[in-house]
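To start, the structure itself, in structure tokens.
The values are calculated or read from the model by the stated rules, or taken from the named source; none is laboratory data. Owing to the predicted nature of the structure, the values given are computational and were not obtained by experimental measurement. As a convention, Cβ positions derive from the backbone with ideal geometry for all residues, glycine included, and neighbour counts pool all protein chains shown. The accessibility values were calculated without ligands, DNA or RNA, using every heavy atom of the protein model including side chains. Shrake-Rupley method; radii C 1.70, N 1.55, O 1.52, S 1.80 Å.
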Amino acid sequence: MIDTLSDWLGLAQGWLFETVVQPLVFQLGFGEFVEDAFEGTEWLLIGVLELALLFLVLRPLEALIPAQRITDPRARWNDFLYTVLHRVGIFPVLIFFTLDPLLDSVAAALRFDGFHPFNLESLWPGIGPLAAFFVYFVVLDFFDYWYHRASHQFNWWWALHGLHHSQQNMNLWSDNRNHLLDDLLRDIYMGVIALGIGVEPAQYVLLVSVSRILQSLQHANVRVHFGWLGERLLVSPRYHRMHHAIGAGHENRDGKLGGCNFAVLLPVWDILFRTANFTPEFAATGIRDQLPGADGAPGRQYGRGFWAQQWLGLKRLVEYARKEVV
């Protein structure tokens, strides 16, 4: 199955590259980047397919069974901009394919000294592609859980990650509402781990795509849950909404950083490390200090547009960093 999907994707990638991307690259005088453009075409193709799938499946569900009434359509359009930039952007391809040759050089140096690089698949000789995919899926999700949880433990990091939580009208595009610096740090972190455990480029593309689709579902404005058992097997929109809940999901009762439901895809990590909250409720989302009467009008803390949010996120990062140094 994984091989078939890769073959289909490869054919589509080759056609798109030869008919559109490659001529454009040469016309613009960037012939020396033609190999990078070929790799980027794969991410572009997958991103476009993801956008179409999300719009055709999740958007109608949001209209039919919304978890809340959208009170700020402009905020949803802003999240859509984030999603377009992220899904057809160049961050993942730049990070992964920049790290790949660097780590290959390190591995070659280690082999010269008698060390052999670790490969997760070597622990199970004869493991099939589909089984290997799920092994990598679980391992990467474990590390993603700790990255996500860490972003809720330090004020300077929360200054960036808080942008993601500032949306009071959570919707299917909200997954990508992140500060670019936070995205960069996570892409480097996940890229290093993926390469370190032996994930091949083709596998990584599919792993990232599946993860992004599931995370878009989690953030969708839909009144959906997976039942008692399902909620413990895969993060649902209701389960993840509790993570975005005001005064509960991303802070403790005393207002300090903390929260619950940090699992990115598999709730098992929340269960094992005692951060799960299965309250059957579709809670209101946002950040306490952005509510009316807190520190100004809603949205003030992180702004109402892409560039304002990026700039204010950096300002808060510097402010928190200074306080911690002092």
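Of the residues 214, 233, 195, 257, the single one that is within 17 Å of the chain's Cα centre (by Cα) and of a type in the set (A, V, I, L, M, F, W, C) is 214. Residue 191 fulfils the conditions (1) open to solvent by 20 Å² or more (accessible area, probe 1.4 Å); (2) touching a Ser or Thr at 6+ places or on another chain (Cβ under 9 Å); (3) closer than 17 Å to residue 120 by Cα; (4) not aliphatic (A, V, I, L, M) except for a single criterion, (1). Selection of region 52-104 for residues being at pLDDT 90 or above, surrounded by 14 or more Cβ atoms within 10 Å (Cβ to Cβ) and of a type in the set (Lys, Arg) yields 59, 76.
If the Cβ limit is 7 Å and pairs must be 6+ apart or interchain, which residue in region 124-143 that is closer than 12 Å to residue 190 by Cβ and in contact (Cβ under 8 Å) with a residue 40 or more places away in the chain pairs with which residue that is of a type in the set (Ser, Thr, Tyr) and in a helix (DSSP H, G or I)? Taking only residues 6 or more apart or on different chains, not a single pair turns up. Pull up region 134-156, narrow it to residues that are assigned to a helix (DSSP H, G or I) and modelled with pLDDT under 90, then point me to the one that is nearest to residue 249 (Cα to Cα). Across region 134-156, the extreme among qualifying residues is 155. The residue list 281, 251 contains one member that is charged (D, E, K, R), under 22 Å from the mean Cα position of the chain (by Cα) and either open to solvent by 10 Å² or more (accessible area, probe 1.4 Å) or at pLDDT below 80 (or both), which is 251. Just to be sure before I move on: is residue 203 under 19 Å from residue 314 (Cα atoms) and either at pLDDT below 95 or open to solvent by 40 Å² or more (accessible area, probe 1.4 Å) (or both) in the structure I sent? It is false that residue 203 is under 19 Å from residue 314 (Cα atoms) and either at pLDDT below 95 or open to solvent by 40 Å² or more (accessible area, probe 1.4 Å) (or both).
Going through region 213-242 one residue at a time, which ones are crowded, with 20+ Cβ neighbours inside 10 Å, closer than 18 Å to residue 79 by Cα and not hydroxyl-bearing (Ser, Thr, Tyr)? Selection gives 217, 218, 219, 220, 221, 222, 237, 240, 241. Cβ-Cβ contacts under 7 Å between residues 6 or more apart (or on different chains), taken from a first residue in region 262-277 that is in a helix (DSSP H, G or I) to a second residue that is of a type in the set (A, V, I, L, M, F, W, C), are listed as 269/142; 269/263; 270/262; 270/263; 270/276.
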